[in-house]
Amino acid sequence: MARAPEGAGESTLGKPVRVSPSGLSEPAVPPKPDRLKPADRPTPRPARLQIGQLPRLWSTAVQFLGDVRAEMNRVSWPDRQTIIASTVVVVFVLTVTALYLAGWDYIFAGLFSYLFKR
């Protein structure tokens, strides 16, 4: 527990202590709201969506969807043969992995069944 500097008016024994950047300790008392720095002040909650903002929201959504469509047109999509080849590879790897895990499951199920039957 940090001690108060000499000449401190009130006792800080048992109170939480905050160390200032200069290294001196001071009681952890939050500053009053009127003394907060502008960056530390809580920001006011935004007001509810106003009726006047709806056209701006609508135009922003339309602009976004137009940008998405333009970006999708720039994508280099794979041809049909590449998609079929990739699908075959994925199904093959999935089948091999499923058989591998099923084999280990069968082995461990038989092992535990044998151990706990005793």
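Where a number appears in this text, it was derived from the coordinates with a stated rule and is not lab data. Everything numeric in this text was worked out from a predicted model, so none of it was measured. Neighbour counts are summed over all protein chains in view; Cβ atoms, including those assigned to glycine, are modelled from backbone coordinates with ideal geometry.
Multiply the residue separation of residue 73 and residue 54 by 0.36 nm, subtract the distance between their alpha-carbon atoms, and state the gained length in nm to one decimal.
Extra length available between residue 73 and residue 54 comes to 4.0 nm.
Would you calculate the separation in nanometres between label points at residue 97 and residue 64, each defined as 7 Å from the Cα along the Cα-to-beta-carbon direction?
The modelled label-to-label distance comes out at 3.3 nm.
May I ask you to derive the FRET efficiency for residue 87 and residue 116 from their Cβ-Cβ distance with R0 = 35 Å, giving the value to the nearest 0.05? Mind showing how you got there, number by number?
Numbers: r = 42 Å, r/R0 = 1.21.
Between residue 87 and residue 116 the formula returns 0.25.
Return the sequence-ordered ³J(HN,Hα) values of the stretch 85-98 in whole Hz as given by the Karplus equation 6.51 cos²θ - 1.76 cosθ + 1.60 applied to θ = phi - 60°, using x for Gly and Pro.
My calculation for the stretch 85-98 gives 5, 5, 5, 4, 4, 5, 5, 5, 5, 4, 5, 4, 5, 5 Hz in order.
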